[in-house]
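Participant: Let me give you the structure first, and then I'll get to my questions.
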2 protein chains.
Amino acid sequence: MSSASENHSLTLLIRKLESIATLTDEERQAILSLPSKTRVLAPGQDIARDGDKPSQCCLILDGWACRYKVLNKGRRQIFSFHIAGDIPDLQSLHLHTMDHSLGTITQATVAFIPHESMRELTTRYPGLAAAFWRDTLVDAAIFREWMIGMGRKSAFGRIAHLFCEMYLKLQAVGLARGYRCPLPITQIDIGDALGLSNVHVNRTLQDIRGKGLITLRDNTLVIQAWEEMIRTSEFDPTYLHLEKRAAG
Amino acid sequence: MSSASENHSLTLLIRKLESIATLTDEERQAILSLPSKTRVLAPGQDIARDGDKPSQCCLILDGWACRYKVLNKGRRQIFSFHIAGDIPDLQSLHLHTMDHSLGTITQATVAFIPHESMRELTTRYPGLAAAFWRDTLVDAAIFREWMIGMGRKSAFGRIAHLFCEMYLKLQAVGLARGYRCPLPITQIDIGDALGLSNVHVNRTLQDIRGKGLITLRDNTLVIQAWEEMIRTSEFDPTYLHLEKRAAG
DNA sequence: CGACCGTTTGAATGCCCTCAATACGCGTGG
DNA sequence: CCACGCGTATTGAGGGCATTCAAACGGTCG
């Protein structure tokens with residue numbers, strides 16, 4: 001939590017924003033001077049809960065998180081998975097009441113940034129406001145793509161599509177290469193994200209594995225047949241709006 | 001298309017923004033001086049298509065539109081329905097390539113505003129940028145709610161939830177009252193929005209009607225048992241983030 | 001009137017769910 | 001060091017919600 005290490009944390013934010021926008025030196029400097037507090041959170045810990053009115057937002061530095069909502073009878077819907085560089089509750093800057101929860105999946109390191117500072121920053125630097133705005137728009141684009149899956153695709157297509165998406169997202173921030181990436185989520189998580197039962201996720205995974213398209217062991221996913229995966233899942237990366245390649 | 005009528009059009013935009021934010025006189029004036037061209041579009045006409053790179057965005061003045069994407073074998077997913085006051089392709093301001101299409105459902109009157117003008121406006125007035133940003137965030141919140149439906153709710157719950165949502169959205173802009181609202185969409189549209197076949201939508205509608213919860217005739221929806229509707233569909237309006245009531 | 005689109009109904013199928021039990025992996029504690 | 005607990009993964013069986021295919025009905029428009 002020293003000033004030095006906090007600046008280092010915010011470098012990750014700069015890198016993320018530069019993967020979707022062009023920043024001036026002044027804007028970069030402004031980001032580095034954001035106040036932030038870094039915390040290490042245990043797996044399965046909530047960062048913000050449905051109904052909360054947060055006064056800060058969080059930048060994920062390491063580990064995985066997800067946004068979700070719990071319904072009655074224990075049903076759960078996961079809306080998104082988040083990795084290093086993401087600000088999963090950026091929306092709370094302008095939607096003051098949380099309409100869902102945000103929690104860690106793995107142990108995670110996160111940096112908290114006060115809303116007040118973010119508001120000053122975006123008011124002063126319209127270019128940064130646009131970059132952050134864009135980030136939330138990509139978020140929404142991913143929601144739409146998941147809607148397609150849940151509305152119109154088979155379990156096979158949904159799971160394959162999710163794997164392609166996560167691989168590209170991780171690759172974009174240098175956390176994946178060679179069709180290999182970490183995937184520290186359970187089959188229950190996958191089911192809750194895609195609207196499937198854990199039983200059916202299991203059977204479908206066996207199907208995908210059996211066709212030789214992927215391997216998935218020890219929280220590591222290897223996509224062995226990329227072309228076939230994107231074909232059967234109708235995956236088109238346009239919606240991720242990855243205009244530039246981040247450094248690996 | 002006279003200057004006078006265009007200013008009148010933009011009054012609707014001011015009213016919409018004031019339902020989610022507070023504007024200064026200067027900001028209101030700035031919106032009124034936006035250039036715009038008004039067009040009347042036929043039903044089923046595309047405003048922007050998947051893959052397009054629009055240079056303007058559109059404000060709906062009258063009629064209904066929807067965002068959607070077509071997959072192979074004629075499958076279609078509708079992401080959202082839009083009514084007067086909405087700017088359904090506002091995202092194109094910062095995501096330059098359309099990852100889905102936008103089209104009319106009914107005959108519709110829309111005002112087109114150049115991206116360039118929107119960018120100047122949001123750069124100059126951070127408060128307006130925040131208001132527009134907030135609008136896209138509410139959009140995303142609605143996506144999340146639809147994901148819950150498609151992932152975890154029955155056809156009955158999904159349809160009932162959609163009806164509650166559309167009623168409140170219409171009420172917020174003065175287009176509905178007394179649990180009665182226009183609903184100019186086909187059962188096919190409902191199915192494509194909620195991930196159901198038109199056949200099952202039809203049977204489920206009969207079920208909902210049979211229970212005396214609604215009537216739906218001549219493109220008019222009447223919610224006869226609001227409490228029961230929100231209970232069975234687990235509808236909680238928080239996600240719409242309607243902080244203020246717009247004038248009726 | 002005929003064409004067309006949306007609605008309605010029937011029948012058969014199927015994808016996925018629920019319930020249930022077993023197996024596996026891992027960390028904790030005896 | 002092994003037993004135990006716990007969460008996850010796996011397998012089996014049965015059932016249900018929703019789908020697909022098909023056909024008939026109804027309203028609107030040219």
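Participant: Within region B:191-206, track down each residue that is in contact with a helix residue (DSSP H, G or I) (Cβ under 6 Å, 6 or more places away or on another chain) and within 8 Å of DNA strand C (Cβ to nearest atom).
Facilitator: B:198, B:201, B:202
Participant: Let me spell it out: the conditions are (1) surrounded by fewer than 15 Cβ atoms within 10 Å (Cβ to Cβ); (2) at pLDDT 95 or above; (3) within 14 Å of chain B (Cβ to nearest Cβ), and residue A:159 meets all of them except one. Which number is the exception?
Facilitator: So residue A:159 meets the others, but not (1).
Participant: Does region A:33-56 include one or more residues that are in the same structural domain as residue A:90 (by TED's automatic domain parsing), in a helix (DSSP H, G or I) and hydrophobic (A, V, I, L, M, F, W, C)?
Facilitator: no
Participant: Here is a further query. Restricting the search to region B:143-156, which residues are near DNA strand D (Cβ under 8 Å from one of its atoms) and part of a helix (DSSP H, G or I)?
Facilitator: B:155, B:156
Participant: Just to verify a result, which residue in region B:21-56, among those that are over 20 Å from residue B:119 (Cα atoms) and among the charged types (D, E, K, R), is surrounded by the most Cβ atoms within 10 Å (Cβ to Cβ)?
Facilitator: Selected residue: B:50.
Participant: Return the only residue of B:129, B:140 being free of Cβ contacts under 8 Å to residues at least 12 places away in the same chain, under 25 Å from residue B:231 (Cα atoms) and small (Gly, Ala, Ser).
Facilitator: Matching residue, one of B:129, B:140: B:140.
Participant: How many of the residues in region A:23-65 are touching a helix residue (DSSP H, G or I) at 6+ places or on another chain (Cβ under 7 Å) and under 15 Å from residue A:107 (Cβ atoms)?
Facilitator: Here the count works out to 2.
Participant: Hey, can you tell me all the residues within region B:48-89 that are more than 10 Å from every other protein chain (Cβ to nearest Cβ), at negative phi and under 10 Å from the mean Cα position of the chain (by Cα)?
Facilitator: The answer is B:60, B:64, B:65, B:66, B:81, B:82, B:83, B:84, B:86, B:87, B:88.
Participant: Sticking with this one: Do we find that residue A:169 is within 12 Å of DNA strand C (Cβ to nearest atom), touching a residue at least 60 places away in the same chain (Cβ under 8 Å) and either away from chain B (no Cβ under 14 Å) or buried (at least 16 other Cβ atoms within 10 Å of the Cβ) (or both) in this structure?
Facilitator: Considered against the rule, which asks whether it is within 12 Å of DNA strand C (Cβ to nearest atom), touching a residue at least 60 places away in the same chain (Cβ under 8 Å) and either away from chain B (no Cβ under 14 Å) or buried (at least 16 other Cβ atoms within 10 Å of the Cβ) (or both), residue A:169 comes out as no.
Participant: Which of the residues spanning region A:47-100 are of a type in the set (Lys, Arg), at pLDDT 95 or above and farther than 19 Å from residue A:135 by Cβ?
Facilitator: A:49, A:53, A:69, A:75, A:76
Participant: Further, regarding this structure: Among (1) in contact (Cβ under 8 Å) with a residue 60 or more places away in the chain; (2) acidic (Asp, Glu); (3) within 16 Å of DNA strand C (Cβ to nearest atom); (4) within 29 Å of residue B:15 (Cβ to Cβ), which single condition is residue B:218 missing?
Facilitator: If we test residue B:218 against (1) in contact (Cβ under 8 Å) with a residue 60 or more places away in the chain; (2) acidic (Asp, Glu); (3) within 16 Å of DNA strand C (Cβ to nearest atom); (4) within 29 Å of residue B:15 (Cβ to Cβ), just (1) comes out false.
Participant: For residues that are within 14 Å of DNA strand C (Cβ to nearest atom) and either under 19 Å from residue A:84 (Cβ atoms) or surrounded by 21 or more Cβ atoms within 10 Å (Cβ to Cβ) (or both), tally how many sit in region A:172-188.
Facilitator: Count: 1.
Participant: Something else: Please work out which one of (1) more than 8 Å from chain A (Cβ to nearest Cβ); (2) at pLDDT 95 or above is the condition residue B:174 fails and give its number.
Facilitator: That leaves (2) as the condition not met.
Participant: A further question follows. Can you name the number of the only condition in (1) within 8 Å of chain A (Cβ to nearest Cβ); (2) more than 27 Å from residue A:98 (Cβ to Cβ); (3) β-branched (Val, Ile, Thr) that residue B:148 fails?
Facilitator: The single condition residue B:148 does not satisfy is (2).
Participant: Conditions: (1) in contact (Cβ under 8 Å) with a residue 40 or more places away in the chain; (2) touching a strand residue (DSSP E or B) at 6+ places or on another chain (Cβ under 6 Å). Residue B:239 meets all but one. Number of the miss?
Facilitator: If we test residue B:239 against (1) in contact (Cβ under 8 Å) with a residue 40 or more places away in the chain; (2) touching a strand residue (DSSP E or B) at 6+ places or on another chain (Cβ under 6 Å), just (2) comes out false.
Participant: Would you tally the residues in region A:184-206 being more than 9 Å from DNA strand D (Cβ to nearest atom) and away from chain B (no Cβ under 14 Å)?
Facilitator: 2
Participant: A further question on this structure: Filtering region A:90-117 down to residues that are buried (at least 21 other Cβ atoms within 10 Å of the Cβ) and farther than 30 Å from residue B:235 by Cα, which residue is nearest to the other protein chains (Cβ to nearest Cβ)?
Facilitator: Looking at residues that are buried (at least 21 other Cβ atoms within 10 Å of the Cβ) and farther than 30 Å from residue B:235 by Cα, I get A:113.
Participant: Being hydroxyl-bearing (Ser, Thr, Tyr) and free of Cβ contacts under 8 Å to residues at least 40 places away in the same chain is the requirement here; does residue B:97 meet it?
Facilitator: Spelling it out, it is not the case that residue B:97 is hydroxyl-bearing (Ser, Thr, Tyr) and free of Cβ contacts under 8 Å to residues at least 40 places away in the same chain.
Participant: Still on this model: Hey, can you tell me all the residues within region A:196-233 that are farther than 17 Å from residue A:164 by Cβ and either touching a Lys or Arg at 6+ places or on another chain (Cβ under 6 Å) or assigned to a helix (DSSP H, G or I) (or both)?
Facilitator: A:198, A:199, A:200, A:202, A:203, A:206, A:210
Participant: What is the number of the single condition among (1) assigned to a helix (DSSP H, G or I); (2) more than 14 Å from chain B (Cβ to nearest Cβ); (3) in contact (Cβ under 8 Å) with a residue 24 or more places away in the chain that residue A:181 does not meet?
Facilitator: (1)
Participant: State which residue is surrounded by the most Cβ atoms within 10 Å (Cβ to Cβ) when the search covers only region B:189-228 and only residues that are under 17 Å from residue B:153 (Cβ atoms) and charged (D, E, K, R).
Facilitator: Taking the candidates together, the pick is B:192.
The values are calculated or read from the model by the stated rules, or taken from the named source; none is laboratory data. Being a predicted model, the structure only gives us computed values, none of them experimental. Cβ coordinates were reconstructed from backbone atoms using ideal geometry, including for glycine residues, and neighbour counts include every protein chain displayed.
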